[in-house]
Amino acid sequence: MTLLFLAVVIAGGLIQLWLGARQRAFVRAHRDQVPEAFQGAIVAVDHRNAADYTVAKLALGRWDIALSAALLLAWTLGGGIDLLSSALAGFGLPPLLAGVGLLLGIGLITDLLSLPLEAVATFRVEAQFGFNRQTPALFIRDRVVGWLLMLVLGAPLAAGLIYLLERGGSLWWLWAWLLWSAFSLSLVWIYPRFIAPLFNRFEELPDDALRTRLEALLERCGFTSRGLQVMDGSRRSNHGNAYFTGFGRNRRIVLFDTLIESLDPAEIEAVLAHELGHYKLAHVKQRMALSLGLSLLGFAVLGWLSAQPWFHLALGVSLPSPASTLALFALAAPPFMLWMMPLAALWSRRHEYEADSFASEYTDTNDLISALVKMFRENATTLTPDPLYARFYYSHPTAVDRIAALRALDG
């Protein structure tokens, strides 16, 4: 098991580095030629800027891959979990409290060690290409708020999982999954109203004419919402976007202020129609069901592994405990899940095509095309990704494929 785990971690890191190298080479090779489908809509200087932005992010991504692998091996085979467990035991804490401290401590330490790379991404790469608007004070504030949320929300969840593992009997993993599912669904419900406002300001769409137009679209699509909200995305970045969040009475449609600034009303309507498509076509429910199904499978596997004596020893833990079992699985599972990423990306791309088709039924397809072209340009999206890299990672179709599909819909 030790050798298998080590092989999976190394192979995963190498495949990510190889795909990144392919992407970097492909983007550089096509840096000076705007694809035919975008000639006249995106000028050469913007195309080159997008290529350079992509390459810069890939260069930083290599360090992120290496750091992630190093931290994973340090926590597991390097004895990090044992070390932190022993340190917490030295304080004489009750077992449950020490277990919660172990899980939260791993998350906090990992986040702290990853902070320098995130700072470089924000204040060097994003700033270099004119996207960053975040101040160091806001950057630190966001992190502190995130840590407090981890404590407030994560501590009760961790305590519940540890308690169930220890006292839930042979079916503890099933009760743990039910707890996890309830927590996940509750988080989706409370996020729009209680969590998102901790990071951004939200206000009702102030433009009366635009709001009337978008509300008419909602009525045509048979969608009811608690309002159209504008988020101050410009507080942190120049990137523009829109998204649908929450469910039930807490459903929200959110438009970035940067998106409203860069698109005209017809284009905003088309983008909103695409987001509505995800909801009306049950993409949100499908993704939620898949997530819950995979988590059930994960907890079932963990239920079996927790009873195997070799599980802890093979992954570097000599002092097994309910908390270390949960920590080991949370750390060791992602490298094995990496190989499912292409299937998840393929499924997501299919949803994007379906949402585009839905939008074309309720708005002018050309408005969605022009909106996407502007968003590609404003967000410095490369128009020429490596095909294999895109198939492995991309949750959205490539720019060329997406525009071609929309033009085919328009006839």
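Read-outs: derived from the displayed coordinates by stated rules, not from any lab. Because the structure is predicted, anything quoted here is derived from the model rather than measured. Heads up, the Cβs are rebuilt from the backbone with ideal geometry, glycines too, and the neighbour counts pull from every protein chain shown.
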- Find the percent of Cα-Cα distances in the chain that exceed 35 Å, and round it to a whole number. 35
- Note on the structure: Expressed in angstrom and rounded, the centroid-to-centroid distance over alpha carbons for region 199-220 and region 78-111 is 47
- Query: If packing is taken as the mean number of other Cβ atoms within 10 Å per residue, what is the order of 92-104, 271-283, 288-300, 10-22, highest first?
  - Reply: 271-283, 92-104, 10-22, 288-300
- Size of region 137-202 as Cα extents on the principal axes (Å, biggest first): 48, 22, 12
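Expected output is a single nm value to one decimal: the length gained when fully extending between residue 295 and residue 336, i.e. 0.36 nm times separation in residues minus the C-alpha distance. What is it?
13.4 nm
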- Quick one: putting +1 on the C-beta of Lys and Arg, -1 on the C-beta of Asp and Glu, what dipole do you get for the chain around its Cα centre, in Debye to the nearest 20? 840
- Message: Quick check: net charge around residue 143, other residues with Cβ under 9 Å of its Cβ, Lys/Arg +1 and Asp/Glu -1?
- Response: -2
- Förster radius 25 Å - calculated FRET efficiency between residue 144 and residue 188 (Cβ-Cβ, nearest 0.05): 0.60
- Query: Where q = 0.11 Å⁻¹, what log10 of I(q)/I(0) comes from the Debye formula for region 60-165, counting one point per Cα?
  - Reply: -0.46
- Mind ranking 184-192, 75-83 by how tightly packed they are, going by the mean number of other C-beta atoms within 10 angstrom, highest first? 75-83, 184-192
- Query: In which sequence would 106, 65 go, from the one with the fewest C-beta neighbours within 10 Å to the one with the most?
  - Reply: 65, 106
- When the gyration tensor of region 309-411 is built from Cα positions, what are the square roots of 5 times its three eigenvalues, in whole Å, from largest to smallest? 43, 14, 12
